[in-house]
Amino acid sequence: QIGVRTGPWCLLHLAPRPVGLTRTMLPHCALCAHEDVVRRAHQQAAAQQQPHHSSTIVAQQLQDLHALHAKLGDEAVTHCLHRSWGSPAFLPTVISILGTHSRWPNLTFDETLLVTKFVGMGFPEDESIRVLSSVSGDQGKALEKLEASHPPASRAPASPSGPTPSCATPTTQPAPPRASVPAKLFSQSSYLAAYQRTAPPEQGYELLAKVHRLCCLFAAAKVRDEAADVRSRAAAAADRFFNDLQRQLDSRSGHLADVGTAATRIWSSAVTLRLGPPGDLIGEYEFAQMLNEVLRGDRA
């Protein structure tokens, strides 16, 4: 897969041509015409089209990618290729995400992914951004608001890979069928398994230790794709947030002596965890909101 080799992209070879692709059809770019990118795109297109059509489609998609590469640079394109590698519509997905990024450069990468996803579901792009910002990046709440204001009949036709970027020429490749996602029962959830095997804390200090760890892990997960200085600030923000939560507990009133009371006061606290540098807020979360997001994600 892409990225297995070491060294800068400019030292990588241009792709050996799949059947039907001539050299003149490929962009003269070691990144956009990298052999792994071309091979994967050609395999996916060939599964949807006749072989002679797939070569034309892939060539056009690579030219679209190259136009975005020229606008956004190596880092954005490389990061998007890595993150989208497992997509069933790999190259159209990359082009859509980069197109969104080119139009809204102030969004974080995770926000760009969500906006592209919402647009692919038929929601307006500018409204998706506004709603996502209004709920501090909470995907579930944003989707609820968008679905409430846009019933299915009023939405644009859904596309798994989102809109075609404005700087790229639309391709003729039909969207692949949306994969069905099996419903997950509560009895199969990671949350239930963890709940059943975990003993509840009996002392206040045990509760605080678990809360602190959750704050740190949550903050780290939110900025895992950001620069090192952003990750460092997020770790410090998690510590400040935890200290603010601790201030909600009055030891003179016996809050720490009763674990249930301490947990309730932490859960109902209005203090927030703010992630991101000043003027570029990634997200703002109360503890209850943070915990609910973790439970909805249901990761082991």
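For T100, the conditions (1) open to solvent by 40 Å² or more (accessible area, probe 1.4 Å); (2) at pLDDT 85 or above; (3) out of contact with any Phe, Trp or Tyr (no Cβ under 9 Å at 6 or more places or on another chain) are fulfilled apart from (1). Of the numbered conditions (1) over 18 Å from W267 (Cβ atoms); (2) open to solvent by 40 Å² or more (accessible area, probe 1.4 Å), A237 satisfies every one except a single condition; which is it? The number of the failed condition is (2). A220 passes every criterion in (1) modelled with pLDDT under 85; (2) within 22 Å of Q139 (Cα to Cα) apart from (1). In this structure, D74 qualifies as farther than 16 Å from R39 by Cβ, surrounded by fewer than 17 Cβ atoms within 10 Å (Cβ to Cβ) and in contact (Cβ under 8 Å) with a residue 60 or more places away in the chain. Scoring S136 on the criteria (1) crowded, with 21+ Cβ neighbours inside 10 Å; (2) touching a Phe, Trp or Tyr at 6+ places or on another chain (Cβ under 7 Å) leaves a single failure, condition (1).
Here the condition is being farther than 24 Å from F109 by Cα, at pLDDT 75 or above and open to solvent by 60 Å² or more (accessible area, probe 1.4 Å); of H28, H82, H13, it holds for H28 alone. Every condition in (1) free of Cβ contacts under 8 Å to residues at least 40 places away in the same chain; (2) of a type outside the set (A, V, I, L, M); (3) assigned to a helix (DSSP H, G or I) holds for T93 except the one numbered (1). Within segment 287-300, the set of residues being modelled with pLDDT under 90, closer than 18 Å to R247 by Cβ and either among the polar types (S, T, N, Q) or surrounded by 15 or more Cβ atoms within 10 Å (Cβ to Cβ) (or both) comprises just one member, M290. T198 fails exactly one of the following numbered conditions: (1) under 26 Å from the mean Cα position of the chain (by Cα); (2) open to solvent by 50 Å² or more (accessible area, probe 1.4 Å); (3) hydroxyl-bearing (S, T, Y). What is the number of that condition? Every listed condition holds for T198 apart from (1). A257 falls short of the stated requirement of being hydrophobic (A, V, I, L, M, F, W, C) and under 25 Å from the mean Cα position of the chain (by Cα).
Run down A228, A270, A236, A257 and say which single residue is without any contact (Cβ under 8 Å) to a residue 24 or more places away in the chain, hydrophobic (A, V, I, L, M, F, W, C) and farther than 17 Å from H212 by Cα. A228 is the lone residue from the list that is without any contact (Cβ under 8 Å) to a residue 24 or more places away in the chain, hydrophobic (A, V, I, L, M, F, W, C) and farther than 17 Å from H212 by Cα.
On the given criteria, is V58 under 22 Å from K222 (Cα atoms) and crowded, with 20+ Cβ neighbours inside 10 Å? Judged against the criteria, V58 is not a match.
Entry remark, segment 259-283: residues being modelled with pLDDT under 85 and either more than 30 Å from L107 (Cα to Cα) or open to solvent by 50 Å² or more (accessible area, probe 1.4 Å) (or both) number 4 in total. Return yes or no: is L256 assigned to a helix (DSSP H, G or I), open to solvent by less than 80 Å² (accessible area, probe 1.4 Å) and farther than 30 Å from S84 by Cβ? The answer is no for L256. Any residue at all in segment 210-226 that's within 30 Å of A76 (Cβ to Cβ), open to solvent by less than 30 Å² (accessible area, probe 1.4 Å) and in contact with a Lys or Arg (Cβ under 8 Å, 6 or more places away or on another chain)? Yes, the conditions are met somewhere in segment 210-226.
The values are calculated or read from the model by the stated rules, or taken from the named source; none is laboratory data. Keep in mind it's a predicted model, so treat the numbers as computed, not measured. FYI the Cβ positions are ideal-geometry reconstructions off the backbone, even for glycines, and counts take in every protein chain you see. Note: accessible area is taken over every heavy atom of the protein model, side chains too, but ligands, DNA and RNA are not part of it. Shrake-Rupley method; radii C 1.70, N 1.55, O 1.52, S 1.80 Å.
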